[in-house]
Amino acid sequence: MQALAVPFYMNDLTDSNAWVGAAGFAALVPAVLATPLVGTLCDRMSRKRLLMASLSGQAVVSAIFLLLYLTDNLTPWRMLGLQTLTGLGGGFQWAPVQSLTALLVPPRDLVPAIRLVSMSFTAGRAIGPAGAGVTLAIWGPGPAFGVTFVGLAISVVILWSVQPRPAPVSGGEPFLQQFRAGMAYVRARPGMRLVLRMAFWVACLAAVFPSALAASVADDVFDTGGGGLGLITATFGLGSMVSAVYLARHGDRHLRSTTELVMASAYAIGLLLMGSTSVFVIGLVGYFIAGSAHLMHGTTLNSAIQVQVHEEYRGRVSSVWLMVILMGLPIGSLVGGILGDALSMRAVVLLFAGLLAVIVVMSAVRFDRFRLLDLDEPEVVAG
């Protein structure tokens, strides 16, 4: 919820798309820098301890957000500083979350477990802002900061009771050598490079509109303010929930290559609907389509990369996947915010939708309609 409360309050204070984009940029850049290093740590030490430290630190930052807001001392520059700390904490969270899965289930259940975790991870990033949008529209940012703090505190307590199997720890190599080995592992595998390519562009050109730039879309494209923001994020979350139900029941019916091609294209169509109309209801249809596509796209790519990695590289590979997403989001939010002030947010939505459509077509042609995503075991690489 905090992830949407900050740009909402920033927009309320400054009425500037550039400031809103900067808020997203400040949170995500530290995460981009920290995530690949944390992925290496995941392959060297306890993933549970790393996750505990991350959640605890983020809970402290959420408490500071709440305190400053309640005392009317939450200024734009202070928000940027706290967002930087939030991003640093997030950088220590996502790689351990992803790589813990293999230590909690027997090997025969790994594929469905990865799908479930992928759904939860992607749905949380969609449904959380949906709840935040409704909360912000009715009560404002304070409760959103409070709920974030409580949720993080509960997560720490739950994680304390979890007992994963010991992971194979590869601490013999120097840290930087191990880090470089992880990067080389990813570069040598075309299937993983395809996953990273699609993850970056969808994050940069599409996922920013239901997150960092959602308040700008509600305000500038549809002129609906806080109430519109709540409906936008709730509709996006509803689309994600519908996809989650479908995947839970029919996830094995479709090839991952087909799912990614269809869903990445659908994401672009949803954006085109948002940007091409002034009718708010039609814009909500676009957000519903985007929400459905978002969950299935994220689950498909995460499942593909997790089933194709050797266990001793899981932490590093998970961190690289997360890094490209976290790199795409701040770039998209900052560029989109600046262009939104210079042109209009409607023009930005249409421009990004067109670019995404072109990238999907070019990638489908170059990578044989994404067939590398269908591998269910680590790629065999010559040499």
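Readers should treat all values here as calculations from the given coordinates under stated rules, not as data from a laboratory. From a predicted model like this one, the values you see are computed outputs, not experimental measurements. Cβ placement follows ideal geometry from the backbone for every residue including glycine, while neighbour counts extend to all protein chains displayed.
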Low-density loop positions, chymotrypsin sites (Phe, Trp or Tyr not before Pro), region 9-94 - DSSP coil, at most 16 other Cβ in 10 Å: none
Axial C-alpha extent at least 30 Å, average Kyte-Doolittle at least -0.5 - helices from the chain (DSSP): 17-42, 47-70, 110-138, 141-161, 225-250, 280-307, 314-342, 345-366
Length-normalised contact order for the chain - Cα pairs under 8 Å, 6+ apart - percent: 29 percent
Extreme residue, positive dipole direction of the chain, given options Val221, Ala342, Pro330 (C-beta unit charges): Pro330
Quotient of Cα Rg and 2.2 N^0.38 Å for region 220-287, N being how many residues it contains: 1.29
Debye-sum result for region 1-42 in log10 I(q)/I(0), which assumes one identical scatterer on each alpha carbon, at q = 0.16, 0.21 Å⁻¹: -0.49, -0.66
Cβ-placed point charges (K, R +1; D, E -1), dipole of region 135-245 about Cα centre in debye, nearest 20: 720 debye
GNM flexibility winner over the chain from Gln98, Gln308, Gln163 (Cα, springs under 10 Å): Gln163
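What does the charge count near Leu103 come to, summing +1 for each Lys or Arg and -1 for each Asp or Glu among other residues with Cβ under 10 Å from its Cβ? Write out the running numbers ahead of the final one.
Numbers: positive: Arg47, Lys48, Arg165, Arg314; negative: Glu311.
That sum, taken over residues with Cβ under 10 Å, equals +3.
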Viscosity 1.306 mPa s, 10 °C: Kirkwood-radius Stokes-Einstein D of region 44-104 over Cα pairs, µm²/s: 125 µm²/s
Rg [Å, one decimal], Dmax [Å, integer] - region 279-350, C-alpha atoms: 16.6, 51
Residue-count net charge about Gly21 - beta-carbon cut-off 13 Å; Lys, Arg +1, Asp, Glu -1: -2
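Expressed in whole Å with the largest first, what are the equivalent ellipsoid semi-axes of the chain derived from the C-alpha gyration tensor as the square root of 5 times each eigenvalue?
Values: eigenvalues 197, 129, 66 Å².
For the chain, the ellipsoid semi-axes come out as 31, 25, 18 Å.
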Kirkwood Rh, angstrom, region 9-70 [1 / mean 1/r, Cα pairs]: 13.9 Å
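To the nearest 0.05, how large is the calculated FRET efficiency for Arg366 and Asp72 if R₀ is 30 Å and r is the Cβ-Cβ distance?
Details: r = 53 Å, r/R0 = 1.77.
Efficiency, rounded to the nearest 0.05: 0.05.
What number comes out for the charge environment of Ile359, summing +1 per Lys or Arg and -1 per Asp or Glu over other residues with Cβ under 11 Å away? Each step should come with its number before you reach the end.
Details: positive: Arg197, Arg366; negative: none.
It works out to a net charge of +2.
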Point-charge dipole on Cβ atoms (K/R +1, D/E -1) for the chain, about Cα centre, debye to 20: 920 debye
Residue (of Met79, His310, Val38) at the positive-pole extreme of the chain, dipole from beta-carbon charges: His310
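About its Cα centre, how strong a charge dipole does region 236-383 have in debye, to the nearest 20, once Lys and Arg get +1 and Asp and Glu get -1 at the Cβ? Could you put the intermediate results ahead of the total?
Numbers: 9 positive and 10 negative charges, 74 e Å.
The calculated dipole for region 236-383 is roughly 360 debye.
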Relative contact order of region 218-302, pairs being alpha-carbon contacts under 8 Å that are 6 or more residues apart, as %: 41 percent
Dimensionless Rg over Rh [region 216-355; C-alpha; Kirkwood]: 1.02
